[in-house]
Amino acid sequence: MISRGLLVRLEARPGQDAAVEEFLRSALPLVQQEAGTSAWFAVRFGRGEYGIFDVFPGDQERDAHLAGPVAAALQERGAELFASPPAIVKLAVLANKLPDKTTPAPDTKGLLLTFKPKSGREPEVEQLLRAAEPLVLDEPRTTAWFAIRTDAGDYGIFDVFPDSGGRFAHLAGHVPRELAKHAFTLLGSMPDIEMLNVEAEKLAA
């Protein structure tokens, strides 16, 4: 059971991209020791733009992670590596797909899609996202997938793939078509789609 998440955005200082990537990869062994962190992804959105997306069974496990060694390392090296403090967004996880123990090679690509619902249509948006879960379960090249709601009331999807081909197959699949079909009735804005690279990941079985 996964019900909570975090999205942390990080802006590297000029010239510190390589150091930030090394720092994020070095955090993986720390996260692997956290039994309450169900999955964790260090990602690169673009030049100088990085992030962490992770999910948890509940508030207790998320709070423990926020008080844990990765957060301490971010605080310790923040002024050296980052142009501003981390931007932390708390999430509710509405539906998810996680791999079984036979997961192949590590993921290299990902997507973050976010959008605002029309006022009063939030229950229908949540139903649409939950209904997408069985569609994604049938996508062999979508390794992990999470439908999310932020504390500010925005919605979205975060997912990862072994390669660009897997990401393209997902973008050409059922879930984007369903979102497009309902965009004018349910969504208050066009979805914002960010293509990202996966620098490191922890996937729970």
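Considering segment 175-200, the residues that are of a type in the set (S, T, N, Q) and modelled with pLDDT of 85 or more include one that is nearest to residue 44 (Cα to Cα), namely 197.
Among the residues of segment 117-126 satisfying the criterion of being in a helix (DSSP H, G or I) and more than 19 Å from the chain's Cα centre (by Cα), which is nearest to residue 156 (Cα to Cα)? For segment 117-126, the residue satisfying everything is 122. If you go through segment 127-170 and keep only what is in a helix (DSSP H, G or I), under 17 Å from the mean Cα position of the chain (by Cα) and surrounded by 15 or more Cβ atoms within 10 Å (Cβ to Cβ), you end up with 129, 132, 133, 136, 166, 167, 170.
If the condition is being of a type outside the set (Gly, Ala, Ser) and within 13 Å of the chain's Cα centre (by Cα), then segment 3-36 contributes 4, 6, 7, 8, 9.
With respect to the conditions (1) over 22 Å from residue 151 (Cα atoms); (2) touching a Pro at 6+ places or on another chain (Cβ under 7 Å), residue 82 falls short on a single one, namely (2). No other residue among 194, 178 is surrounded by 14 or more Cβ atoms within 10 Å (Cβ to Cβ), acidic (Asp, Glu) and in contact (Cβ under 8 Å) with a residue 60 or more places away in the chain apart from 194.
The values are calculated or read from the model by the stated rules, or taken from the named source; none is laboratory data. It should be emphasised that the depicted structure is a prediction, and the values quoted were computed from it without experimental measurement. Every residue, glycine as well, gets a Cβ built from its backbone with ideal geometry; the counts of neighbours run over all protein chains shown.
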